[in-house]
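Chemist: I'd like to ask some things about the structure below.
Throughout, read-outs are computed from the coordinates displayed, never taken from laboratory work. Since this is a predicted model, take the numbers as computed values, not measurements. Backbone-built Cβ (ideal geometry, glycine too); neighbour counts: all protein chains shown.
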Amino acid sequence: MMSLEARGLSVSYGGVKALEDVTFSLRHPSSLIIVGPNGAGKTTLLKALLGMVDYEGELRVFGLEPRRDSQKLRQLVSYLPQASSVNQIVPLKVRDIVYSPQELAGESREAAERAIEITDIGGLLERRFSELSGGEKQRVLIARALAKRAKMLLLDEPFSMVDVGGREQIAELLLEAQRREGITLVIVSHDLSYFLKREPYVVLLNRRLIAFGMAQEVLTFQNLAKTYGIAKVGEVYFAGEEHGPY
Amino acid sequence: MDPISALQEPFVQRAFIAITMASLVAGLVSLMIRYSQLQFLAVESFHALVAAAAVGYFVELFYPVSPELVAYLVMVGLLGFLNVLEGRVERLTAIAALSLSSATIISLFSFGLAQKSPFGSTIIYNILFGTPFLILQREVPYVVLAGSAMLLVLVALWKRILLLSFDPDYFAFIKGNNSFFLHRLFIYAMVAAAAVYLTKITGAVAAHVLLIAPSLAPFRQVSPVTVVLYALLVCYSAAFASIIFNLPYGAALGFFALLGYLLPAVIRRS
């Protein structure tokens with residue numbers, strides 16, 4: 001079963017192309033990491049998959065057309081926006097946040113309880129979100145995403161509030177959630193290394209699709225150079241044995 | 001005037017009823033503005049609410065309609081225009097467009113008021129610098145009803161307002177773009193309603209202070225209770241100062257609002 005199919009996908013904001021002629025497809029369940037420099041269209045691609053922006057070309061998520069079938073689609077996917085979209089002056093408790101899919105979309109209480117168990121945040125429920133550490137905050141937001149029953153989880157920079165030590169924990173948590181729930185993970189991240197052992201698919205993006213395929217095939221020097229420009233390639237981890245981590 | 005004997009006066013009693021309701025509404029709405037990060041809207045709302053009030057009182061010269069209702073509809077229209085613009089152009093451009101449109105409307109309709117009514121200048125003065133001591137007996141039930149209705153709506157939807165303000169992207173995802181737009185419009189409509197309501201009670205200048213000041217006061221813990229208490233304290237103090245020293249209400253309100261900002265800082269330092 002295909003979870004994603006994009007053919008000639010393009011998105012423009014005010015006449016400026018944010019994404020141009022992107023084509024790839026993905027089976028369910030699997031993992032996809034979207035990689036690219038800032039402004040490459042990674043978040044735009046996620047928003048197109050969610051039907052939150054207008055696009056040209058063909059796009060199917062579990063056979064649904066995101067703009068037309070956005071209501072049906074919201075029952076199949078869940079989403080973790082960038083941490084920068086979170087407004088921390090709002091005095092919400094962790095409990096309010098994790099149960100918000102129940103409050104806003106009528107999701108079941110059991111789904112929230114299961115998400116709390118997977119992310120191990122039971123001890124944080126009565127605390128204010130703003131008082132938590134970066135890693136705890138990200139676990140809470142992942143719990144909120146998991147509290148919505150879905151076949152696919154789209155995560156935009158899940159490591160952004162987390163220090164290096166906590167990143168492996170977050171990656172393990174996501175992979176464990178994928179194993180237990182049988183979901184497809186679509187992750188925008190600059191940091192691939194924590195996911196490579198599960199042999200994910202990778203989209204290399206810089207407004208246009210540079211490459212798509214299994215990580216080992218796609219993460220070559222040439223592709224990364226095309227994506228980031230030569231000067232930046234050394235900052236990215238390589239998967240292929242012939243290259244080793246740079 | 002002696003404040004204790006002043007409290008026996010019906011016009012003072014009416015003023016205290018009105019400013020109690022105004023404080024409750026202003027406290028919650030200003031907190032909603034802070035959480036929704038719409039301070040720019042509160043700052044800009046001054047032009048829009050003077051424009052709306054000018055249109056309301058101008059229309060009343062020709063048709064038997066409530067000037068507050070007309071003002072509210074104009075205010076919703078102007079803020080709705082801003083909401084639509086924000087989705088299409090930069091926020092600063094949208095604000096500038098609202099500001100310029102409002103300024104044009106203010107100029108046209110206050111000129112019209114001054115031309116068409118012998119009391120035009122007084123009406124314009126009252127729009128800007130009204131006072132709760134001018135609330136009439138027949139207006140008290142409306143002041144209480146309208147304030148209570150706003151408070152009920154705010155309390156009923158408070159959790160949803162917080163969730164929308166906490167993570168707008170997630171809210172837009174889970175409710176859909178149309179519902180997100182409507183929720184944003186609801187917040188703008190509440191700001192419009194509060195602005196017109198407060199202008200009726202205190203005049204536009206003081207209403208503007210009340211929309212911004214309470215939630216930005218430097219408390220250690222900002223909550224609906226602390227913000228409403230601050231608003232009540234400032235409004236009551238301003239009313240007593242007006243009575244004792246015969247000051248304009250807006251000036252006294254500005255002074256006590258400022259004192260509420262400075263005192264916590266001084267206390268903390270000492």
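Chemist: So which lysines pass the test for B:Lys200, namely a Cα distance under 24 Å, with those fewer than 8 places away in the same chain ruled out?
Modeler: Result set, ordered by chain and number: B:Lys116.
Chemist: Continuing with the same structure: Quick one: what Rg and Dmax do you get for chain B from the alpha carbons, in Å?
Modeler: 18.7, 59
Chemist: Going through the cross-link list A:Lys93/A:Lys148; A:Lys151/A:Lys226; A:Lys42/A:Lys197; A:Lys197/B:Lys175; A:Lys42/A:Lys72, which pairs have a Cα-Cα distance over 25 Å in this structure?
Modeler: Table pairs above 25 Å Cα-Cα are A:Lys151/A:Lys226; A:Lys197/B:Lys175.
Chemist: Here's something else I'd like to know. Compute the distance in nm between two label points, each set 7 Å from the Cα along the Cα-to-Cβ direction, one at B:Val89 and one at B:Leu108.
Modeler: 1.7
Chemist: What are the semi-axes of the equivalent ellipsoid of the protein assembly as shown, taken as the square roots of 5 times the eigenvalues of the Cα gyration tensor, listed largest first and rounded to whole Å?
Modeler: In descending order the semi-axes read 53, 25, 19 Å.
Chemist: Let me have the 222 nm mean residue ellipticity of chain A computed from DSSP H runs of 4+ only, each contributing -39500 (n - 2.57), with the sum over all residues rounded to the nearest 500.
Modeler: Value at 222 nm, helices only, nearest 500: -9000 deg cm²/dmol.
Chemist: Give, rounded to the nearest 20 debye, the magnitude of the charge dipole that chain B has about its Cα centre when Lys and Arg contribute +1 at Cβ and Asp and Glu contribute -1 at Cβ.
Modeler: So the magnitude is around 440 debye.
Chemist: While we're on this one: Considering only DSSP beta bridges where both residues belong to the protein assembly as shown, give the percentage that are antiparallel (nearest 5).
Modeler: 55
Chemist: Sorting B:Asp169, A:Asp120 on the 10 Å Cβ count, fewest up front, what's the list?
Modeler: A:Asp120, B:Asp169
Chemist: Mind checking which of A:Tyr201, A:Tyr79, A:Tyr13 has the largest fluctuation in a GNM of chain A, springs on alpha carbons under 10 Å?
Modeler: A:Tyr13
Chemist: What FRET efficiency comes out for the pair B:Gln13/B:Leu69, r = Cβ-Cβ distance, R0 = 25 Å, nearest 0.05?
Modeler: 0.45
Chemist: Just want the ordering: B:Tyr261, B:Tyr35, B:Tyr170, from fewest to most Cβ atoms lying within 10 Å of their own Cβ.
Modeler: Listing B:Tyr261, B:Tyr35, B:Tyr170 from fewest to most nearby Cβ atoms yields B:Tyr261, B:Tyr35, B:Tyr170.
Chemist: Pairing the Cα long axis of helix A:134-146 with the longest principal axis of chain A, what angle in degrees results, from 0 to 90 and rounded to the nearest 10?
Modeler: 90
Chemist: For A:Glu131 and B:Gln115, what is the calculated FRET efficiency with R₀ set at 45 Å and r taken between the beta-carbons, to the nearest 0.05?
Modeler: With a Förster radius of 45 Å, E is 0.15.
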